[in-house]
Amino acid sequence: MLCNMSSDTELIGSTEASRVLKRHPATLSRWVADGKLTPVGRLSDAGAFVFRRADVETLAAELDNEAASA
């Protein structure tokens with residue numbers, strides 16, 4: 001975890017986001033490129049993305065709902 005804040009403002013890196021979403025980090029990079037997941041920044045020009053935990057958890061819930069409906 002990058003910051004210890006409320007879940008609305010808590011930031012997490014790509015590794016933690018991948019774990020929450022149960023997806024490979026390369027998938028997250030594709031989703032960022034496609035606009036499916038929006039980072040709040042990067043750790044450096046070529047570094048890992050940083051995401052709001054709430055955004056990642058919302059997407060994870062949507063993916064779980066899609067899987068349950070299929």
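The values are calculated or read from the model by the stated rules, or taken from the named source; none is laboratory data. Bear in mind that the values here come from a model prediction, so they are computed numbers and not experimental data. All accessible areas refer to the heavy atoms of the entire protein, side chains included, with ligands and DNA or RNA removed. Shrake-Rupley method; radii C 1.70, N 1.55, O 1.52, S 1.80 Å.
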Can you give me the % of accessible surface on the chain that is carbon or sulfur? Probe 1.4 Å, all protein chains present, nothing else counted. 50 percent
Could you state how much accessible area E57 has, in square angstrom rounded to the nearest 10, with a 1.4 Å probe and all protein chains kept in place? 80 Å²
Nearest 10 degrees is fine. How inclined is helix 25-34 to the longest principal axis of the chain, computing both from alpha carbons? 90 degrees
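So what is the accessible area of the chain per residue, in Å², with the probe set to 1.4 Å?
Values: 4500 Å² over 70 residues.
Spelled out: the 1.4 Å probe surface of the chain, per residue, equals 64 Å².
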D45 accessible area, nearest 10 Å², 1.4 Å probe? 150 Å²
Around A48, which amide H atoms from residues at least 5 apart in sequence, or from another chain, sit under 5 Å from its own amide H, with H modelled in the peptide plane? L43
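Rounded, prolate or oblate: which one fits the chain, using the alpha carbon gyration tensor with axes a ≥ b ≥ c (rounded when a/c is under 1.5, else prolate when a/b beats b/c, else oblate)? If you can, show how the numbers build up before the last one.
Working: a/c = 2.12, a/b = 1.32, b/c = 1.60.
In terms of gyration-tensor shape, oblate.
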